[in-house]
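In what follows, a structure is listed as structure tokens, so that the remarks can point back to it.
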């Protein structure tokens, strides 16, 4: 769990400091920045360490959190929590998250919510109740920002025979062929999903207690059967007893408020063989061997070899052939190759002494250089050749060690790159499979986009809201229109009142990053908790943003790379569709518009009104139809009025000289302001109450 948390937080640029009794078993892959500190035994040291780290959040799990059963040693976690709380009180800005268990609810009927009474009947549940009560005392007395996260039964992808978690115990029971087991019901939760819940509570948790549980319920009997199948074991006749104290809990609060949802299903993972079980090798107790220090051992070996070659040199001194061999020189070279430079120097001294002994000389007898030149030369040969060979061998060994070190680093980098490549290939294959076969893949996308291949820009924008709502399963979609160079956007339609930003007009100058993305025509993803929409998708035609699609919120299961790529693909298709529709309007302008004006002819205007009525019936946008009473020519009146209408509005005629204005996304109660502006220009606006029939 600590590894997963460190990697997840490190991927987002956070520093993670792990305080534990032992370091992580695996090396960091370089994608996360975390440091390990051994838990201090004294409160003062703990406070100094925490002060030096200056964390924003402290997550307390204890040393026995993953254990599925209660042990006497696990009571020490309560003492450790008290020490942690006493230290954390000095840092009021720190958020404190206590990882607890759903066993605090005891045996309750149905699924227990966060408001249910804590009445644990197991020792493990009682321990967590004690921890929560201790946290509650500090919260009330010192005003700590503290959250309790109660989790259901946890599991990981790697299990061990000596593991304490519930799944490892079930595998061990299958291997040992136990005859009696309680048929408990579990809500298995993967540690990665718990880490994701911790991250969401850390950033946006406002309540004091959250439940986080697996969605799928599974009985011990079913897990036992899957364990036997995976380990190729015959299923034994087990007497399944009544369930023990395993509480079912409801995690609706964290799903609704923080958008959390677990994605791993234990039963499916076991069926696909994604859970591995490692058996502990049987090792007999070995007596501790007494080892000789390497320096002493090398010294003894050196002296032993010297004795051997000294004997050879003495025995072969009278032999005609073997006396020509310098046995002492061979000894010096052999030591220089096999050992370090210190042993080589010792060998040179020993060889020189043996040479003097063979010549019946003493070092004190050597009074002149010329009389004993041969002896001095022999000394120099032993010393110089021994040291030279030893230095050369040492240099070569150092070079070889550096090469091996580089090779090990390359192997480690290769394994990391291989793992990254395998993960990328897995993502690619999953993406391709979803594209081709899933309900939101290309078949569905083609069916949806075919609804957009029309020649009317307004209908394209209306259909876009429904298409995106089906793609990403949300009803918070809105479409805005804007003008080149202006940060103001006008609302065209929305699926609901909760879909819009700042009413019917949205000023992007308040969101400079969104405005820059819209100008560049790039998809923008909002930051959680910043007040920004989840996704802003501009539709750029001819380097001008013709429309902006707003997705205010996304369900958590749609906040994936797959759905982002789907939206990007859809933006390209929408751009092509809008460009064709705009091009069609330009080519058919003489057919649809009164000559030299922006006034739609009767039939084209009737289609616009019908489309506005359709949007109103679907509660996407209201509309208002007004008749404009003017004096003078139609073209002159249209020129005056068009400057006072918004980009989403349009002018039309009934073919008999009457001029109308269709005000999209404007109700009749908002007509008074426009009437005043038009009356100042000599144009009166009269509401057409009977809609299209009146026009």
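Miscellaneous remarks
- Helix 220-230 axis, angle to the chain major axis (alpha carbon atoms, nearest 10°): 60
- Whether the stretch 590-694 is rounded, prolate or oblate, judged on the alpha carbon gyration tensor where a/c under 1.5 counts as rounded: oblate
- DSSP beta bridges fully contained in the chain are about 55 percent antiparallel.
- Tilt relative to the chain, helix 561-587 - C-alpha long axis, 0 to 90 degrees, to 10: 30
- Among (1) 141; (2) 219; (3) 321, the entry that matches volume of the Cα convex hull per residue in Å³ as calculated here: (3)
- DSSP bridge orientation in the stretch 570-695 - percent antiparallel, rounded to nearest 5: 90
- Folded to 0 to 90 degrees: helix 166-176 orientation relative to the chain principal axis, Cα: 50
- Shape category assigned to the stretch 68-119 from the gyration tensor of Cα positions, a/c cut at 1.5: oblate
- Cα gyration tensor shape of the stretch 508-600, rounded if a/c is under 1.5, else prolate or oblate by comparing a/b with b/c: prolate
- Helix content alone sets the calculated 222 nm mean residue ellipticity of the chain: runs of n ≥ 4 DSSP H residues at -39500 (n - 2.57) each, divided across all residues, give -15000 deg cm²/dmol.
- Ranked by the mean number of other Cβ atoms within 10 Å of their residues, highest first, the peptides 134-146, 183-195 come out as 183-195, 134-146.
- Sorted on the mean count of surrounding Cβ atoms within 10 Å across their residues, most packed first, peptides 545-554, 299-308, 639-648 read 545-554, 639-648, 299-308.
- Packing rank of 87-95, 393-401, where each peptide gets the mean count of other beta carbons within 10 Å, highest leading: 87-95, 393-401
Bear in mind that the values in this text are calculations on the coordinates, not laboratory data. The shown structure was predicted, so the numbers you read here are calculated from the model rather than taken from an experiment. Heads up, the Cβs are rebuilt from the backbone with ideal geometry, glycines too, and the neighbour counts pull from every protein chain shown.
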